[in-house]
Amino acid sequence: MEYLVLTRMYRRKEEVIAEVQLDFGGVPPILPRRCLFSPSQMNADNLVPSNLIYGVTATTSIARGELVISDHFVFAGRDVQDFRPKNKICNHCLGDIKTWTARCCPDCMTMHCSKICAKWASTYHSALCRVDFSWLDDWARNKTSHDPYTNQVVLLVRLLAYAVDNIGTAPLDNLYLSRFTAGYRANPTTFPLSFIAMIVQPTRILDSLGIDIFKDHRYDTWVIQVLLDRIIMNYGCHARVGEGSPFFLGGIYSMFNHSCEPNLFNDPEHATRQAMPKLFARRDIQAGEELTVSYIALGLPYEQRSQSLITWFDPCLCTLCKEDRRFIDAKAGRKVMPAALPDSLKV
């Protein structure tokens, strides 16, 4: 989906990497000073220059069960099929509002569960204020025409609102949106074409936000496809706990590389309440270790893991997959060859 001529142009630039490194410096209350954005250990075999692949490294020892990251600046959504909230919902994190509320906009009644959520919502809310997107919820809730990209289109609304609110740069040049890399593989995974999700609904969203795509080429069709591709590659979904589970696109969470044996996990109890990811240590972690999450379900056999991960890279370079490949190759009598670093891992 990502236009091949644009893959170099829209990799993360040096100023984007510098901004991410500042975030990992520990701006409270976003995350504690426990990790650093730096060249990844996935490149231990020096398959590419060290400045082409980054990850998150622990700067201190972390005990099992300790909080490692709480990413508040996320674009959030919920699977709206059969979802009927019992309580008031925070406009930003989509968690329940229980005792305290805050507003980011004096012109409407939109509420948030905390001052933190109100602060981050203020970066995109004005473009959405008093705009009726009930038609999008109706489309997403319609099971008979449920699209494979429904969740991504729901997130696209907030990405585009953020871009509109932060005028002055094209969406793909925005420092925050530039964090989200797309699949830069030599043979990109082919995503099924959806005319409704990829053309009709994005055009209607932009029209609702006051953007004329025929005059403002910063929001041309190909830009929308690039943004959708980046959402597909970077969005996370909490462990399924029933309909209405939240999903998110996090500018800090997406910096973590994948491992089939990750040392971090997202609190499942927290996942039922709001979209913001909170990552805890699955085991004791030593200073200097790379911190990883799993992009897929844990405990799958090698063949199933490989198939599930092909959207991001082929092959997976985590320790478990390397060991499994060595075992499979040795059993078949094949010579073990070093794997090339997937382009999707490069900056």
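Highest average first, the peptides 154-166, 291-303, 208-220 ordered by how many other beta carbon atoms sit within 10 Å of their residues are 154-166, 291-303, 208-220. Separation of the alpha carbons by more than 21 angstrom is noted, of K13/K322; K119/K278; K13/K215; K98/K119, for K13/K322; K13/K215.
Scanning residues 5 or more positions from A170 or on other chains, none has an amide H under 5 Å from its amide H, with H placed 1.01 Å from N in the peptide plane. Between the amide H of S61 and those of A287, distances stay under 5 Å, these residues lying 5 or more places away or on another chain, with hydrogens modeled in the peptide plane.
No value in this document is a laboratory result; all are computed from the given coordinates. It should be emphasised that the depicted structure is a prediction, and the values quoted were computed from it without experimental measurement. As a convention, Cβ positions derive from the backbone with ideal geometry for all residues, glycine included, and neighbour counts pool all protein chains shown.
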